[in-house]
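Okay, so here's the structure we're looking at.
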Amino acid sequence: MNKYMIVTLLVFFCAQARADYFGSLDQGSSYEVIMDGRLEKSVVSQDGLLFVEIPEGSHVVELNAIDLPEPSPTPSPTPTMEPDPDPSPTPEPQGSPNYDLNLDGIVDVFDLLAVVEDLDSGVPKIDFTADGTANRMDLIDFSMHWHERAN
């Protein structure tokens, strides 16, 4: 096993305490959950999921992966695909999404609050990833543009 660390940082704004989870983790790997700068717990991920209790209020949650197994260079066969005789048209790119939702010139906490409010609305409309679904992947995409200046 190699010892290395991957840090995932999320900011939560909770109107009430709730349980949330980190997904797509390496099953059986060890993780540290740090909330607001304090180590909350060290756990081993089960089924690729790790559940975290988040109290009411705003919190910074870090997930540190430790003792991850070294990636194995297992070769896998590459399937050869026949060309589609009747291909569907490729959608035209729509340009990059506007992450400055309140149009104040910078992607900041006020835009984040609008994203979180939209995702919690029950009928979210914000889809930064253009995958047809508004979900946490859109929040991750949004976070990649934190403090960018709007054009």
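As a rough guide to protection, the peptides 135-146, 15-26, 112-123 ranked by mean Cβ packing within 10 Å, highest first, stand as 135-146, 112-123, 15-26. Residue order by solvent-accessible surface for Lys41, Lys125 is Lys125, Lys41, largest first, with ligands and nucleic acids left out and a 1.4 Å probe. Computed over neighbours whose Cβ is under 15 Å from that of Ala150, the net charge equals -4, Lys and Arg +1, Asp and Glu -1.
The values are calculated or read from the model by the stated rules, or taken from the named source; none is laboratory data. Here the structure is a predicted model, which means the values were calculated and not measured. With ideal geometry, Cβ positions are generated from the backbone for all residues, glycine too; neighbour counts draw on all protein chains shown. Accessible surface areas use protein heavy atoms only, side chains included; no ligands, DNA or RNA. Shrake-Rupley method; radii C 1.70, N 1.55, O 1.52, S 1.80 Å.
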